[in-house]
Amino acid sequence: MSELLELSATAESRVAPEEPAMDELHGEMKLGLREHVGQFSLLVLINVFVGMIIGLERTVVPLIGEKEFGLVSKTAIVSFIISFGVTKAICNLFAAHASETVGRKKVLVLGWLIGLPVPFIIIFANHWFWFDVANVLLGVNQAMCWSMTVIMKVDLVGPKRRGFALGLNEFAGYLALGFTAWITGYIASIYSLRPQPFYLGIGVAFAGLLLSLFFAKETRHYASLEAKLHRAPHTNESTNDPLRPRSMREIFALASWKERNLFSCSQAGLVNNLNDGMSWGIYPLFFASLGLGVAAIGTIKAVYPVAWSILQLVTGPLSDRWGRKWLIAGGMVVQAGGIWLTVQVPVYTAWMIGAVLQGLGTAMVYPTLLAAISDVAHPEWRATAMGAYRFWRDLGYALGAVISGTIADLLGMRAAIQVVAVLTLLSGLHVAFRMRETHGITKRGTESIPSPAAHQ
């Protein structure tokens, strides 16, 4: 990994100079969306291509496993989601931490380099094993590229419009994902499941790489600026910051179990992607078993991320005004309702409504969770905290595939979908009863991350 980062850094240095040092620019640098609208817009465009790469698989790949490779076991079919989720979860953690030392842009460029082979492997694969290999690479690509577009936007805009920035980022990525899920299903209905739907991915991968390499700029120094401007919250402990968590292990522990707000966010993110992993792998097979064609399946699979993406333009800024907690709790409950409707009322209209509800609930949750993590974490280690959150969140893909695939093999797909709906509801109730409001936490000065010393 370190050798690849060095290679990426060498390529980057040949096409764009490094940003000036922090001390040279401290008097001129500013945080804000208006101040960085050009670079912010470029990062939105790059995330469109990131979303399209993963959207290639949302409709077609489970059907390829069943129809081309003759797979009967649902667990075997969703194995590609397991490889994707585990890889993305682990790489999220290390990519975010690496970006705090080598810089954001180098990680972004490397992610695109690793993602380039994915559409080629899917096109030419002659064994299901190669789909697992492709999704390992896809998991690395998504961890590096999507994480960096999130972190770089947060670096640029500062705390005031964080929810809006993250909502716009997720809007772009998931709108592109939804469009690609629809268009690949449409292409497959006209031609075949392979290779035609995946030609688009080749152009997308090269476009994302070229934009990242030649036009994206490093943003890490803006996080350093925010850290200098950051006013530490008042606590019973010293605010002189002698023991703020610095190591990756300390930050991971805080995000995973030691800090109640970060834990609440991590478990909600995990369950959110758990039900998304079920939707990715089981829904196409469930709808096909009830006689739905690939084009119609693609439409349903597109409605969910499109609703999710568009509504994030509302829910992101709304979290900056109303706060984070109840959007997260309510969103998980709405998701559960959409999933339950999908499995209980087996008609096309109900499936479309269920997809809209699941998209609405996810829109309430997705950017708000990222904003809540950013509220709680200090700017100097925020990227690593977001990486820890994204580790647990994207591990949900793998858990969702394992749980839903296993239950589907034992009890049927309806039972698998019902179990996931219950888990989603329980996650929302946990947020409602355990999480505290995080918006404006540094201004209120009423809560803070406990120092590692407090747990020794």
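In this structure, does Ala207 turn out to be assigned to a helix (DSSP H, G or I), surrounded by fewer than 19 Cβ atoms within 10 Å (Cβ to Cβ) and modelled with pLDDT of 90 or more?
Yes, satisfied.
Output the number of residues of the stretch 312-334 satisfying the condition of being in a helix (DSSP H, G or I) and either over 20 Å from the mean Cα position of the chain (by Cα) or at pLDDT below 95 (or both).
Result for the stretch 312-334: 12.
Identify, from the list Ser309, Ser264, Ser256, the residue that is modelled with pLDDT under 95, assigned to a helix (DSSP H, G or I), under 18 Å from the mean Cα position of the chain (by Cα) and surrounded by 24 or more Cβ atoms within 10 Å (Cβ to Cβ).
Ser309 is the lone residue from the list that is modelled with pLDDT under 95, assigned to a helix (DSSP H, G or I), under 18 Å from the mean Cα position of the chain (by Cα) and surrounded by 24 or more Cβ atoms within 10 Å (Cβ to Cβ).
Quick check on Ser83: is it of a type in the set (S, T, N, Q), closer than 30 Å to Phe129 by Cβ, in a helix (DSSP H, G or I) and at pLDDT below 80?
So Ser83 does not fit the description; no.
If you check Ala355, Ala371, Ala385, which single one turns out to be part of a helix (DSSP H, G or I), among the aliphatic types (A, V, I, L, M) and more than 15 Å from the chain's Cα centre (by Cα)?
Residue meeting the stated conditions: Ala355.
Every residue, every condition in (1) modelled with pLDDT under 95; (2) in contact with a Gly (Cβ under 7 Å, 6 or more places away or on another chain), yes or no:
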| site | (1), (2) |
| --- | --- |
| Trp130 | no, no |
| Asn135 | no, no |
| Leu138 | no, yes |
| Met152 | yes, no |
| Arg162 | yes, no |
| Tyr174 | yes, yes |
| Tyr199 | no, no |
| Lys217 | yes, no |
| Leu225 | yes, no |
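Starting from residues that are under 24 Å from the mean Cα position of the chain (by Cα) and assigned to a loop (DSSP other than H, G, I, E, B), keep the ones in the stretch 32-78 and report whichever is surrounded by the fewest Cβ atoms within 10 Å (Cβ to Cβ).
Among them, the one singled out is Gly32.
Out of the residues in the stretch 152-204 that are among the charged types (D, E, K, R) and not in a helix (DSSP H, G or I), state the one that is surrounded by the most Cβ atoms within 10 Å (Cβ to Cβ).
By that ranking, first place goes to Arg161.
Consider Gly158 carefully, then state whether it is in contact with a helix residue (DSSP H, G or I) (Cβ under 9 Å, 6 or more places away or on another chain) and either modelled with pLDDT of 85 or more or within 23 Å of Gly359 (Cβ to Cβ) (or both).
no
Take Trp326 and decide whether it is surrounded by fewer than 19 Cβ atoms within 10 Å (Cβ to Cβ) and within 19 Å of Arg260 (Cβ to Cβ).
Here the answer is yes, as Trp326 does meet what is asked.
So, in the stretch 267-298, how many residues would count as being in a loop (DSSP other than H, G, I, E, B) and either farther than 20 Å from Val78 by Cβ or touching a Ser or Thr at 6+ places or on another chain (Cβ under 7 Å) (or both)?
Of the residues in that region, 2 qualify.
Just to verify a result, which residue in the stretch 426-449, among those that are surrounded by fewer than 16 Cβ atoms within 10 Å (Cβ to Cβ) and more than 16 Å from Trp322 (Cα to Cα), is modelled with the lowest pLDDT?
Thr446
Identify, by number, the condition in (1) hydrophobic (A, V, I, L, M, F, W, C); (2) in a helix (DSSP H, G or I); (3) within 24 Å of Gly185 (Cβ to Cβ) that Leu93 doesn't meet.
Going through the list (1) hydrophobic (A, V, I, L, M, F, W, C); (2) in a helix (DSSP H, G or I); (3) within 24 Å of Gly185 (Cβ to Cβ), Leu93 breaks only (3).
The values are calculated or read from the model by the stated rules, or taken from the named source; none is laboratory data. As the structure is a prediction and not an experimental result, all values here were calculated from the model. For neighbour counting, all protein chains shown are included, and Cβ atoms are generated from backbone atoms with ideal geometry for every residue, glycine included.
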